[in-house]
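The values are calculated or read from the model by the stated rules, or taken from the named source; none is laboratory data. All figures in this text were calculated on a predicted structure; none of them were measured in a lab. Counting neighbours? That spans all protein chains shown, and the Cβs are built from the backbone with ideal geometry, glycine included.
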Amino acid sequence: MDETGDAKSSTGCVGAGRQYSGALGGVGLCQVAVHLAAVTPTMRVIIDRALYLPADWAADDERREAAGVPDDIDFATKRQQAARMVADALEAGVPARWFAADEVYCGRELRAQIRQLGLGYTVGVPATHPVTDGAGRRRQARQMLNKVRPGQWMRRQTGDGAKGRREYDWAWLDIRTDDAPDGARQSDGMSVLVARRHRYTGETSYFRCWAPGDVALGALVEIICRRWKIEETFQLAKGFTGLDQGQVTCWNSWMRWSLFSLIAAAVLALTLHAMTPSTTVSARVSRLVPLACPELVRLLRSLVLPPLARDREHVLHWTAWRRHHQATAQACHQRRHRLHDQP
């Protein structure tokens, strides 16, 4: 689970407001949408999304009516949207064992809901996140590291990059759970705090994890690292299918644009996955890099997709359509300005 934001120039766009967005690198005027991705060892694809309406936006009846927001859409936190999407995905038959997310989704209520759905979880937490150790003492996550001896850090590979293998030092500590659903015992499952330390800078990140049974540290590390796959899905959708290029202002327009973009991104991801086994063998023989999405798009445009129509009638038709649309929009803007200028 993760969210991404798109910069906007007006608060008239549905859900637009001054809010934090990682894509913008800080606080700015933007739309923020929460996304759910299904991730396997070889695949990742976004399967659901929800537009986040800030509290002031959701309570503004005038803006809601102008943007066409349905009456049954009320304010919901990102964590509430996440819980709803996960429940809908499981009800639709999506097989899953784990829920992974960053610090935005580490709330106790969401973690309890994830457990009620029968999933384990690995969620990032801030260094000041309070936990209870095995002896019942309340500590911050960073204070728990005092219990880790130098020889207890384990170096594990987390992936391969252009500069070689990426490796971090990892440690884990038993903690008491604080999110047991009604009727569950505190001792059910395995609750641990996992710390990841950069081997050069010493920068440390923390993850709160729960599993219904015994799990090795290597399995938790794999799940934690898989969360980054959703960032790759964002890059695919924004770079190739225009997820962040929808110049829309209304609710229905945003829902349609995001849906079409994510369907196109899913088609690319599934096609690339289907072609990987055959291309991997040929790549090894002919010393080629594995097939990537940019090259796949070039092949589709050249071999599969029909060429653009260039005949005179077609070009003139769409020229007339665009000019008519622009004239209508211009008249609407001018009428709106005249209404605002009236005393």
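Odds and ends about this structure:
- The range 130-155: number of residues that are farther than 14 Å from residue 208 by Cα and touching a residue at least 24 places away in the same chain (Cβ under 8 Å): 7
- Failed item, numbered, when residue 58 is tested on (1) touching an Asp or Glu at 6+ places or on another chain (Cβ under 8 Å); (2) touching a residue at least 24 places away in the same chain (Cβ under 8 Å): (2)
- Of the residues making up the range 63-93, those that are touching a residue at least 60 places away in the same chain (Cβ under 8 Å), in contact with a strand residue (DSSP E or B) (Cβ under 8 Å, 6 or more places away or on another chain) and either within 30 Å of residue 336 (Cβ to Cβ) or of a type in the set (A, V, I, L, M, F, W, C) (or both) are 82, 85, 86.
- Just so you know, in the range 1-46 the residues that are among the β-branched types (Val, Ile, Thr) and in contact with a helix residue (DSSP H, G or I) (Cβ under 6 Å, 6 or more places away or on another chain) include one that is farthest from residue 225 (Cα to Cα), and it is 14.
- Number of positions in the range 189-217 that are surrounded by fewer than 11 Cβ atoms within 10 Å (Cβ to Cβ), closer than 17 Å to residue 98 by Cβ and not acidic (Asp, Glu): 2
- Hits in the range 230-249 (condition: surrounded by fewer than 14 Cβ atoms within 10 Å (Cβ to Cβ) and within 12 Å of residue 262 (Cα to Cα)): 235
To keep it simple, each residue is scored yes or no on (1) touching a strand residue (DSSP E or B) at 6+ places or on another chain (Cβ under 6 Å); (2) small (Gly, Ala, Ser).
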| residue | (1), (2) |
| --- | --- |
| 104 | no, no |
| 116 | no, no |
| 126 | no, no |
| 151 | no, yes |
| 165 | yes, no |
| 172 | yes, no |
| 192 | yes, no |
| 209 | yes, no |
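- Identity of the residue in the range 1-32, assigned to a loop (DSSP other than H, G, I, E, B) and β-branched (Val, Ile, Thr), that ends up nearest to residue 293 (Cα to Cα): 14
- Qualifying residue in the range 316-330 (condition: in the same structural domain as residue 272 (by TED's automatic domain parsing), in a helix (DSSP H, G or I), among the basic types (Lys, Arg) and surrounded by 10 or more Cβ atoms within 10 Å (Cβ to Cβ)): no
- Of all residues in the range 33-82 being in a loop (DSSP other than H, G, I, E, B) and surrounded by 20 or more Cβ atoms within 10 Å (Cβ to Cβ), the one that is nearest to the chain's Cα centre (by Cα): 53
- Strands (runs of 3 or more DSSP E) fully within the range 140-253 counting 1 or more residues that are among the hydroxyl-bearing types (Ser, Thr, Tyr), at pLDDT below 90 and within 22 Å of the chain's Cα centre (by Cα): 154-161
- Among the candidates 127, 112, 96, residue that is closer than 21 Å to residue 168 by Cα, small (Gly, Ala, Ser) and in contact (Cβ under 8 Å) with a residue 24 or more places away in the chain: 127
- Within the span defined as the range 275-290, every residue fails to be among the aliphatic types (A, V, I, L, M), assigned to a helix (DSSP H, G or I), modelled with pLDDT of 90 or more and surrounded by 10 or more Cβ atoms within 10 Å (Cβ to Cβ).
- Scanning the range 1-29 for residues that are hydrophobic (A, V, I, L, M, F, W, C) and surrounded by fewer than 22 Cβ atoms within 10 Å (Cβ to Cβ) returns 7, 23, 24, 27, 29.
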